[in-house]
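> Could you have a look at this structure, given as structure tokens, before my questions?
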Amino acid sequence: MLILRRAPSVVADVPPLDEVQQAALAHRGGVLRVLGGPGTGKTTTAIELVVARVESGAARPDQCLVLTSSRTAAGSLRERVTARLGRTSTEPLARTHQAFGFGILRQAAALRGDPTPRLLSGPEQDVILRELLAGHAELGTGPVWPERVRLALGTRGFRGELRDLLMRAVEHDLEPDDLRRLGAQYGRPEWEAAADVLAEYDQVTALSAPGAYDPAWILGAAADLLDEEPEALARLHDSLRLIVIDDAQELTAAGVRLLRRVVAPGIDMVLLGDPDAAVQTFRGADPRFLADGWHTLGDGPTLVLPTAYRLPAAVVEATARLTPKIAALGGGAQRQAQPGRPGGTVEVMLLRAVSQEASTIAARLRAAHLRDGMPWSDMAVIVRGQGRTATLRRVLMAAGVPVAGNATDLPVRDEVAVRPLLALLRMTLELAQGERELLDPQVAVDALTSPLGGCDAVTLRRLRRALRREELDAGGGRTSDELLAEALVRPATLLELGPEAGPARRVAAILAAGLRAAAVGEGGPSGRWAPGVTAESVLWQMWSATGLAKEWQGIALAGGHGASRADRDLDAVVGLFDAAAKFADRLPQAGPEEFLTHIESQDIPGDTLVARSPVGESVTVLTPQAAAGREWRLVAVAGVQEGVWPDLRLRGSLLGSEALVNRVSGRPTNFRGAQAAVRYDETRSFLVALTRAREHVMVTAVRSDDEQPSVYLDVLDPEPTNVADDGSRGFDTVPETLTLPAVVAQQRRLLLSPSAKVRRESVRALVRLADAGVDGADPDRWWVMRTLTDDRPLREGDAVVRVSPSRVDNFQKCGLKWLLTSVGGDGPSIGAADVGTLVHQIAHDLGDAPAPDLAAEVDRRWGRLGMRDGWISDRKRAEARDMTRRLAAYFDLARDRGWVKLGAEVDLRVVLGRAEIKGSIDRLERLPDGRLRVVDYKTGSGRVTKADLPTHPQLGVYQLGVDAGALAEFGTESGGAALLQLGAAANQGVTLNEQPPLTEAEHPSWAAELVARTAEGMAGATFTATVNDLCSTCPVRSCCPAWPEGRVL
């Protein structure tokens, strides 16, 4: 029989405790403060305090409570406490302060028979504030804001500042009248205005969401409840015997107020923390309480943990140089901790660019993993903010370093996988209600190219062409956008198309599933939805129709570069369904369109308890706030730049939230004092980042024209060994990244070493790598070792070579460009070329028609170009009309001069030696003297100089063909040729660039010689890349060896 047992996630061994920790466990009665620096065992002490009370029988597990600052830390503490006790409890043993306050409110509501309270999410708070401010602006009501902030009232940044100010006010137990009074007292009119918003915010949330609490209100509301209901306070006192506050330096004013209500005789309270390690000060944490204000909870002793067990000597020495830069709150006794063991390293590295910084970190992480056997999960990269995160993640993943997916910093509506789903949901609801018949073309294109449709640019172009071809064959003239929008609603038009219609069929299936789910109730299309129709039900049917769940799951589980993308997309979709489910629970009568309005109005990301993709073996990239309380063997602290770390900008400077806290709590209120407080907070966060490492720390920064390293580098490493000539810190060398491509490149470079021994070793290494199948190691696959695959000419012997008059000039300017563009290298046509083709077609089909007729034909045929409506299309259409106006003006001039039109789009073909001249003449005329003249329409912006006109290659070749009898039915003598400028190169009147007959040229045979040379060149085996004035717009420049981008194979 096979028995499966889950491996324990937490080791439950009894930890060794020093004398100070034992004294903490033995403490009874009143309040105890335990101070300790990073790694001194504060959290271990917190856990053992609970274990000791339970095992001694002094308290049951349910009578012990551990409070901490974050949900992640609370979850870790719960696991560790439960593992040590070997039993479960009816109440969570570890919680955040907010969860504790919420539990008090929930219990009271249940006993009163009131609805279960709930938390307002961050996005909901933002939506309420936005609606309040928008209503004030629309009605001209509301508070009077200072002139300096009025232009910002509608911005997301202003709402963020306002939320911060209101949260700080509530945390310090300020009512709207209190805030208004402080504003008047200290000359802060923005506080007076915010007081009105606070009062209105309270009223709106009380009416629209009864029982809902803003997170900043929870602790204050719980404290108010305990003040107002003695029975609730008595119940709480009866249920507790021990309260342990871990990371007490993160306590806010509201948290302290609640603890003051809870503390009582018979309940022991232990505070553990380090005033130097506060990282939540931007959210209202005040480490001064742990340092000096803790006596308000009661008198008691203070213990200082003496040993930093987690930290090696090198890290402790570095922290000893850093901590004096922080104000020593409470005397700083915890700074004297001794290292737990010798060794460790602290590297300070200065690089020239952010890319070098990321490459250096990647090389260090891979070396630790491959050479030292360190698991990826034992490594982390800590950055001050999100600015460098994207570059770090990209370089790390490119170097083969698995990176843990970060929690999104986007609202769910803006996630790549969610945005097209919401757009299709809106289209589905409008179609179901009869508000539209077709999709919005832009939504159609976005859905096709999104992860839902999976259509790339090439496939989309093929689909457009296929739909346009069928439309034109049927005599229609709709644009490809219109055809796409129709095909997704009426997919029968896709049945006869090939694989290019696959993405469109998928999107059409999603729409069809949504329409089936979005059933309309009685009353027709304008009525309400049928029973059971919710945003969640419609979204679920649409998502099921995508068939992407299993596909993305397989990609995520397979690993590789696409795994993190699939993980994030799945997480985003799960987050969307979580939001839809919560919306349906809160507002069961609301329709799916109201959910759309709700979710699309959220400008900030929401927090969620929905399970996310597992991290697995990977390197974590995070901020100091997220790293607090965690540890790794190797930590890279990246982006330590001046102005970034420390960031000395004053917090809440727009509305003065920090100034409010300073006024209420008695902090210094002058600029110098406020800036010092910010500097201390920044140094605390840097200290936390530095002390997350158990063995090795690397601190990196960049010095360039745009960035300078932080002063923290000189604090950690005051005497660098690498010094530049000017005495400044020198740059460090970027190490080789231990990846197979890097190893191959290094060994190939060593083949050029002057040392024969080194060359032999490199050869042996490359042979070993080639035998293992590593790309680039086998010399047979090196470009430099390859010979020409074929040195034969394009045309053997005396084979005839087709020479187009319009291509002769291109070949003369650059033979390589002619070769590559003649076999498709010029890519798809662009708008200007399409407009020119349209004008040529109209000129051929309508002949010498008047200007109004030509302009009307432009409008009639414009839809054939498939250009989207907008200012670009309008401008191009106006340009086409101008071209037809100039064309009509030329027709009038030709009639006046006696130039008789013989034909349009006349084929020309004649063989001269090896050359077969073949082309199409835009306009053929007979001059009054009986000779022929070729006129070529030019719709572009290129101008021909007067000096170049006599030997213009295209006109000369046309004349050569005429003189050679290519148009014998019209005549055999050329009277010249001309370029009729219709585009931007034209002047106000008719612009006709005329070339005299070849017989009148200084060298009459120049055109024949040019054609002969061109034919020989086009038939040859070698084509030269020539730099000229058209290189900047060359479509094949990326393949041209004359330019750097074309030299890369």
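The values are calculated or read from the model by the stated rules, or taken from the named source; none is laboratory data. Bear in mind that the values here come from a model prediction, so they are computed numbers and not experimental data. Note that each Cβ is placed from the backbone with ideal geometry, even for glycine, and that neighbours are counted across all protein chains shown.
> Quick test of your reading of the structure: Arg802 fulfils all but one of (1) of a type in the set (Lys, Arg); (2) loosely packed, with under 13 Cβ neighbours inside 10 Å; (3) modelled with pLDDT of 85 or more. Name the failing condition by number.
(2)
> Related question: Here are the criteria: (1) in a loop (DSSP other than H, G, I, E, B); (2) polar (S, T, N, Q); (3) within 30 Å of Gly898 (Cα to Cα). Tell me which single one Thr1024 does not satisfy.
Failing condition for Thr1024: (3).
> Can Arg80 be described as among the basic types (Lys, Arg) and either in a strand (DSSP E or B) or surrounded by 14 or more Cβ atoms within 10 Å (Cβ to Cβ) (or both)?
Against the criterion (among the basic types (Lys, Arg) and either in a strand (DSSP E or B) or surrounded by 14 or more Cβ atoms within 10 Å (Cβ to Cβ) (or both)), Arg80 qualifies.
> Of the residues in segment 865-888, how many are within 15 Å of Asn987 (Cα to Cα) and either in contact with a helix residue (DSSP H, G or I) (Cβ under 7 Å, 6 or more places away or on another chain) or crowded, with 18+ Cβ neighbours inside 10 Å (or both)?
7
> Show the residue pairs that are 6+ apart or on different chains and have beta-carbon atoms under 6 Å apart, the first residue being within segment 442-454 and touching a residue at least 60 places away in the same chain (Cβ under 8 Å), the second being part of a loop (DSSP other than H, G, I, E, B) and of a type in the set (A, V, I, L, M, F, W, C).
Listed pairs, sorted by first residue: Pro451/Ala417.
> Taking the stated definitions as given, is Val50 in contact (Cβ under 8 Å) with a residue 60 or more places away in the chain, β-branched (Val, Ile, Thr) and not in a helix (DSSP H, G or I)?
In short, no.
> Can you tell me which of Ala195, Ala223 is buried (at least 18 other Cβ atoms within 10 Å of the Cβ), modelled with pLDDT of 85 or more, assigned to a helix (DSSP H, G or I) and in the same structural domain as Glu91 (by TED's automatic domain parsing)?
After applying the criteria, what remains is Ala223.
> A further question on this structure: I need the full set of residues from segment 461-486 which are in contact (Cβ under 8 Å) with a residue 40 or more places away in the chain and among the aliphatic types (A, V, I, L, M), in order please.
Listed by number, the residues that qualify are Leu463, Leu472, Leu484, Ala485.
Yes/no per residue for (1) touching a residue at least 12 places away in the same chain (Cβ under 8 Å); (2) among the aliphatic types (A, V, I, L, M):
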position: Tyr712; (1), (2): yes, no
position: Phe731; (1), (2): yes, no
position: Thr739; (1), (2): yes, no
position: Arg764; (1), (2): no, no
position: Leu788; (1), (2): no, yes
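> Taking interchain pairs and intrachain pairs at least six residues apart, which have beta carbon atoms under 6 angstrom, with the first residue in segment 671-682 and at pLDDT 80 or above and the second of a type in the set (Ser, Thr, Tyr) and in a helix (DSSP H, G or I)?
Asp681/Thr281
> Taking segment 495-521 on its own, how many of its residues are surrounded by fewer than 19 Cβ atoms within 10 Å (Cβ to Cβ) and more than 17 Å from Gln541 (Cα to Cα)?
Within segment 495-521, residues that are surrounded by fewer than 19 Cβ atoms within 10 Å (Cβ to Cβ) and more than 17 Å from Gln541 (Cα to Cα) number 7.
> List every residue pair whose Cβ atoms sit under 8 Å apart, with the two residues 6 or more apart in sequence or on different chains, where the first one lies in segment 408-432 and is under 12 Å from Val573 (Cα atoms) and modelled with pLDDT of 75 or more and the second, anywhere, is assigned to a helix (DSSP H, G or I) and among the acidic types (Asp, Glu).
Listed pairs, sorted by first residue: Glu415/Asp569; Val416/Asp569; Ala417/Asp569; Arg419/Asp446; Pro420/Asp446; Leu422/Glu600.
> Taking interchain pairs and intrachain pairs at least six residues apart, which have beta carbon atoms under 9 angstrom, with the first residue in segment 370-395 and surrounded by fewer than 20 Cβ atoms within 10 Å (Cβ to Cβ) and modelled with pLDDT under 85 and the second of a type in the set (Ser, Thr, Tyr) and part of a helix (DSSP H, G or I)?
Between residues of segment 370-395 that are surrounded by fewer than 20 Cβ atoms within 10 Å (Cβ to Cβ) and modelled with pLDDT under 85 and residues that are of a type in the set (Ser, Thr, Tyr) and part of a helix (DSSP H, G or I), the close pairs are Thr391/Ser355.
> Please work out which residue is nearest to Arg748 (Cα to Cα), limiting yourself to segment 777-829 and to residues that are of a type in the set (Val, Ile, Thr) and outside any loop (DSSP other than H, G, I, E, B).
Val784
> Let me ask something additional. What are the residues in segment 838-864 that are touching a strand residue (DSSP E or B) at 6+ places or on another chain (Cβ under 8 Å), surrounded by 15 or more Cβ atoms within 10 Å (Cβ to Cβ) and part of a loop (DSSP other than H, G, I, E, B), if any?
Asp848
> Tell me which residues, restricted to segment 364-393, are within 18 Å of the chain's Cα centre (by Cα) and farther than 18 Å from Thr623 by Cβ.
Answer for segment 364-393, where residues must be within 18 Å of the chain's Cα centre (by Cα) and farther than 18 Å from Thr623 by Cβ: there is none.
> Just a yes or no: is a residue in segment 564-577 within 30 Å of Gly400 (Cα to Cα), modelled with pLDDT under 75, under 25 Å from the mean Cα position of the chain (by Cα) and surrounded by 15 or more Cβ atoms within 10 Å (Cβ to Cβ)?
Looking through segment 564-577, at least one residue is within 30 Å of Gly400 (Cα to Cα), modelled with pLDDT under 75, under 25 Å from the mean Cα position of the chain (by Cα) and surrounded by 15 or more Cβ atoms within 10 Å (Cβ to Cβ).
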